[in-house]
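See below for the structure under consideration.
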Amino acid sequence: MTTTVNAYASPSATEDLVPTTIERREVGPEDVLIDIKYAGICHTDIHTVRDEWGPQPHPLVPGHEIAGIVTEVGSNVTKHAVGDRVGVGCMVNSCGECVNCKAGDEQYCLNGMVGTYGAPDRDGSITQGGYATHVVVTEDFVLRIPDGIDLDVAAPLLCAGITTYSPLRRWGAGPGKKVAVVGLGGLGHMAVKLAHAMGAEVSVLSQSLKKQEDGLRLGAERYYATSDENTFTDLAGSFDLIINTVSAAIDINSFLGLLTVDGALVNVGAPAEPLPVNAFSLIGGRRSFAGSMIGGIPETQQMLDFCAEHGLGAEIEVIPADKINEAYERVLASDVRYRFVIDTATLS
């Protein structure tokens, strides 16, 4: 038997989100029912509901940064129990059989991972996300939130945290490494915190020095304005790793010039526009330009445990549900430090 829950949905690509109700499926043998306490607002939510990445199945409930409490488990569930503090990130299912799934890289499922919202689920329904009071998710895609992290600051870790943690780990951020973070926003502020906790020497590359005080407080040793043309001359060949968190088109070739020999620029921001790369920007320094998309379930759990160990959480502004549309406009105006989180109790 399905359950009706309160939510906020996008009626179309051109309309504001509105209060509504949606149906959640019956809790199956491998399912977990979560009472959502907080849901983060990601720039991806805005791109998606506005059809900027292609047509979407409206009405659509976005939200893939979910933190809450388990209230019911299926008969075969062994990983979670009623009362557990849990989270759900950007995916809720995958085939589980392909080489990538078996390696713990479900985000790269060769048969297509199932996104937390706007995606066809295995039962044929369209997934609806975390701007809601409850969600039902198969246990394998539910993560344990350690006691050392409050649920409100944990919610953005399920996207912003893992999106930056994964490339930092994979490209070896740590002692002796110089890491630059492009942009100090929802993703960038977590990249700074995580890279600093890993022991790397961290710099921020931002359009202006407006957030310099924040950047240094969050763990950066240095902060540079990319609007200053001298920055790209003075810092040429300086960084082992650059994480680009910006969701807008930037001059990738200029940033590639800041890498050491064998350095890598990893793109985690997802602009709607292409990012042209001059081959000589790579060839000229044996540099790499790569991309990374969230992390698998094992790595996401590792990230949450790492954050608890180091006392890390997102910098947030908690809002009621009726401020979602205002929050979207503020995200687009870069008027948030650094992640909006919806108090889903205000949906009831």
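The values are calculated or read from the model by the stated rules, or taken from the named source; none is laboratory data. Only a predicted model underlies this, so the values are computations on that prediction, with no experimental measurement involved. All Cβ positions, glycine included, derive from the backbone under ideal geometry; neighbour counts span all protein chains shown.
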Practice problem: For segment 272-280, state whether one or more residues are within 17 Å of residue 167 (Cα to Cα), in contact with a His (Cβ under 8 Å, 6 or more places away or on another chain), assigned by TED's automatic domain parsing to the domain that holds residue 197 and modelled with pLDDT under 95. | Solution: no
Exercise. Scan segment 293-348 residue by residue and report those that are in a loop (DSSP other than H, G, I, E, B) and either without any contact (Cβ under 8 Å) to a residue 40 or more places away in the chain or in contact with a Cys (Cβ under 7 Å, 6 or more places away or on another chain) (or both).
Key: 294, 313, 320, 333, 335
Quiz item: Out of 111, 76, which single residue is surrounded by fewer than 16 Cβ atoms within 10 Å (Cβ to Cβ) and either acidic (Asp, Glu) or more than 28 Å from residue 269 (Cβ to Cβ) (or both)?
Solution: 76
Quiz item: Does segment 268-289 include one or more residues that are under 24 Å from residue 174 (Cα atoms), in a strand (DSSP E or B) and in contact (Cβ under 8 Å) with a residue 12 or more places away in the chain?
Solution: yes
Quiz prompt | Condition broken by residue 323, with the remaining ones in (1) modelled with pLDDT of 95 or more; (2) surrounded by fewer than 19 Cβ atoms within 10 Å (Cβ to Cβ); (3) in the same structural domain as residue 225 (by TED's automatic domain parsing) satisfied | solution = (3)
Quiz item: Is at least one residue of segment 243-250 surrounded by fewer than 19 Cβ atoms within 10 Å (Cβ to Cβ), without any contact (Cβ under 8 Å) to a residue 60 or more places away in the chain, out of contact with any strand residue (DSSP E or B) (no Cβ under 9 Å at 6 or more places or on another chain) and of a type in the set (Gly, Ala, Ser)?
Solution: yes
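To keep it simple, each residue is scored yes or no on (1) touching a residue at least 60 places away in the same chain (Cβ under 8 Å); (2) within 23 Å of residue 9 (Cα to Cα).
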site	(1), (2)
83	no, no
109	no, no
115	no, yes
143	yes, no
149	yes, no
160	yes, yes
169	yes, no
185	yes, no
Quiz item: Regarding residue 195, is this residue under 22 Å from the mean Cα position of the chain (by Cα), within 24 Å of residue 249 (Cα to Cα) and crowded, with 18+ Cβ neighbours inside 10 Å?
Solution: yes
Exercise. Scan segment 252-278 residue by residue and report those that are closer than 21 Å to residue 333 by Cα and surrounded by 14 or more Cβ atoms within 10 Å (Cβ to Cβ).
Key: 268, 269, 270, 271
Quiz item: If we keep just the residues of segment 1-37 that are part of a loop (DSSP other than H, G, I, E, B) and more than 25 Å from the chain's Cα centre (by Cα), which is nearest to residue 78 (Cα to Cα)?
Solution: 30
Practice problem: Give segment 31-90 a look and list any residue that's at pLDDT below 95 and either among the small types (Gly, Ala, Ser) or assigned by TED's automatic domain parsing to the domain that holds residue 184 (or both), or say none. | Solution: 54
Quiz item: Hey, does segment 123-132 have a residue that's at pLDDT below 95, assigned to a loop (DSSP other than H, G, I, E, B) and either over 30 Å from residue 29 (Cα atoms) or not hydroxyl-bearing (Ser, Thr, Tyr) (or both)?
Solution: yes
Practice problem: Return yes or no: is residue 49 under 26 Å from residue 297 (Cα atoms), crowded, with 21+ Cβ neighbours inside 10 Å and free of Cβ contacts under 8 Å to residues at least 60 places away in the same chain? | Solution: yes
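Quick grid of which residues meet (1) under 30 Å from residue 278 (Cα atoms); (2) in a loop (DSSP other than H, G, I, E, B):
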| residue | (1), (2) |
| --- | --- |
| 188 | yes, no |
| 203 | yes, no |
| 213 | no, no |
| 228 | yes, yes |
| 232 | yes, no |
| 250 | yes, yes |
Exercise. Select, from 71, 20, 4, the only residue that is within 23 Å of residue 346 (Cα to Cα), surrounded by fewer than 22 Cβ atoms within 10 Å (Cβ to Cβ), in contact with a Ser or Thr (Cβ under 6 Å, 6 or more places away or on another chain) and among the β-branched types (Val, Ile, Thr).
Key: 4
Quiz item: If you take the residues in segment 208-223 that are in contact with a strand residue (DSSP E or B) (Cβ under 7 Å, 6 or more places away or on another chain) and under 20 Å from residue 336 (Cα atoms), which one is surrounded by the fewest Cβ atoms within 10 Å (Cβ to Cβ)?
Solution: 208
